[in-house]
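Just below is one structure, and these are the notes that go with it.
The values are calculated or read from the model by the stated rules, or taken from the named source; none is laboratory data. This one's a predicted model, so the numbers in the text were calculated from it and none came from an experiment. Cβ coordinates were reconstructed from backbone atoms using ideal geometry, including for glycine residues, and neighbour counts include every protein chain displayed. Heads up: the accessible areas ignore ligands, DNA and RNA and are worked out on the full protein's heavy atoms, side chains in. Shrake-Rupley method; radii C 1.70, N 1.55, O 1.52, S 1.80 Å.
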Amino acid sequence: MALNRDFIGRSFPPSDPYEVSRVKIREFADAIGDRNPIYRDAEAAKAAGHPDVIAPPTFPIVVSLGNAGLADPALNLNYAMVVHGEQRFEYSRPLRAGDVVTCTSTITEIKSIGSNEKMVVETDVKTVEGELICKTYNTIVERGA
Amino acid sequence: MTAKVNYADVEVGTEIPAQSYPVDRMNLVMYAGASGDFNPIHWRESFAKAVGLPDVIAHGMFTMAQGGRFVTDWAGDPGAVVDYGVRFSSPVVVPDEGGATLEISGKVEEKLDDNKVVVALTAKSADQKVLTRAKAVVRLA
């Protein structure tokens, strides 16, 4: 089913604040099998010039996933048919333990590709103080029946 | 934030040696828990097959994370990565017995100003390209 083109350009309210913890960063690093001490040891992170342990480059997906706006039935998105098409992160600085962040997402593109529907969601990940940490570009593809 | 690779020491075409990353079902269960993506196509074989997949497949973001690990292990400091993007071209199929292997290699594709370089990644599993247009911009020392 075609996605609702009225959603192109629509922005959603900021997500609830999410506090990035050392424990969650370590859990994520364990899950991707990455032993880098900069994700685990505050001293190693400081030696590399960071105030605390930093998160792996793909960690922001943890906070940017689960956009409530995409659950709006009026969008006509069938999650059972969705595959992840593309993903990009543009970093101002690494996310680190102690950051409290919110995500603000905008649907920037919806178009048909053959029998599939493609949608791009841009998200600003900012600290509650307003510092931009990264922009994420999430492209999903809803497979046609 | 200090990368361990010097900008002056790399050229366009400099190759980053290939690495192999094993992937098994346990990794996918851990990744589901850590990321919050509990889509059953990543851990329940009967569900994956019912929706037309050959078997359980890895989270695209798990594969992207392995590419990120490849780049940050080379650069030294993960904070040196300023941009990272991929297209998911083919799923990584992870059988119950034996799992799968990701083969990742890289090459410096372009030198930018401000000590930045563009690294192009190649990621394959079972001889299929699983990522395309995979590029990271890294600020070197």
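Among the residues of the stretch A:25-54, which ones are within 8 Å of chain B (Cβ to nearest Cβ), assigned to a loop (DSSP other than H, G, I, E, B), open to solvent by less than 30 Å² (accessible area, probe 1.4 Å) and under 30 Å from residue B:23 (Cα atoms)? Walk me through how you get there before you give the answer.
In the first step, residues of the stretch A:25-54 are kept if they are within 8 Å of chain B (Cβ to nearest Cβ); the result is A:27-28, A:30-34, A:36, A:38-39, A:48-50, A:54.
Those left that are additionally assigned to a loop (DSSP other than H, G, I, E, B): A:32-34, A:36, A:48-50.
From the residues that got through so far, the ones that are open to solvent by less than 30 Å² (accessible area, probe 1.4 Å) too are A:32, A:34, A:36, A:48, A:50.
Across the stretch A:25-54, the qualifying residues are A:32, A:34, A:36, A:48.
Among the residues of the stretch A:69-101 satisfying the criterion of being open to solvent by 20 Å² or more (accessible area, probe 1.4 Å) and charged (D, E, K, R), which is farthest from residue A:119 (Cα to Cα)?
Among them, the one singled out is A:96.
Confirm whether residue A:105 is of a type in the set (Ser, Thr, Tyr) and under 30 Å from residue A:2 (Cβ atoms). Can you show your working first?
Numbers: of a type in the set (Ser, Thr, Tyr): yes; under 30 Å from residue A:2 (Cβ atoms): yes.
So residue A:105 passes the test.
Each row is one residue, and each column tells you yes or no for (1) under 23 Å from residue A:93 (Cα atoms); (2) at pLDDT 95 or above.
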position: B:51; (1), (2): no, no
position: B:57; (1), (2): no, yes
position: B:62; (1), (2): yes, yes
position: B:68; (1), (2): yes, yes
position: B:72; (1), (2): yes, yes
position: B:76; (1), (2): yes, no
position: B:80; (1), (2): yes, yes
position: B:84; (1), (2): yes, yes
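May I ask you to say which residue of A:77, A:70 is assigned to a loop (DSSP other than H, G, I, E, B) and under 26 Å from residue A:1 (Cβ atoms)?
The conditions single out A:77.
Keeping to the stretch A:11-24, report how many residues are in contact with an Asp or Glu (Cβ under 9 Å, 6 or more places away or on another chain) and assigned to a helix (DSSP H, G or I).
Qualifying residue count, the stretch A:11-24: 1.
Find the residue count for the stretch A:59-94, including only residues that are among the charged types (D, E, K, R) and within 7 Å of chain B (Cβ to nearest Cβ).
3
Taking interchain pairs and intrachain pairs at least six residues apart, which have beta carbon atoms under 8 angstrom, with the first residue in the stretch A:114-133 and open to solvent by less than 50 Å² (accessible area, probe 1.4 Å) and the second in a loop (DSSP other than H, G, I, E, B) and hydrophobic (A, V, I, L, M, F, W, C)?
A:117/A:2; A:117/A:3; A:119/A:3; A:119/A:77; A:125/A:95; A:133/A:95
Residues of the stretch A:11-24 being surrounded by fewer than 16 Cβ atoms within 10 Å (Cβ to Cβ) and touching a strand residue (DSSP E or B) at 6+ places or on another chain (Cβ under 6 Å), which ones?
Residues satisfying the conditions are A:11, A:14, A:17, A:19.
Go through the stretch B:10-31 and report how many residues are at the interface with chain A (Cβ under 9 Å from one of its Cβ atoms) and either among the polar types (S, T, N, Q) or closer than 15 Å to residue B:111 by Cα (or both).
Counting residues in the stretch B:10-31 that are at the interface with chain A (Cβ under 9 Å from one of its Cβ atoms) and either among the polar types (S, T, N, Q) or closer than 15 Å to residue B:111 by Cα (or both) gives 1.
Just one of the numbered conditions (1) under 28 Å from residue B:51 (Cβ atoms); (2) in a loop (DSSP other than H, G, I, E, B) is not true of residue A:110; which one?
(2)
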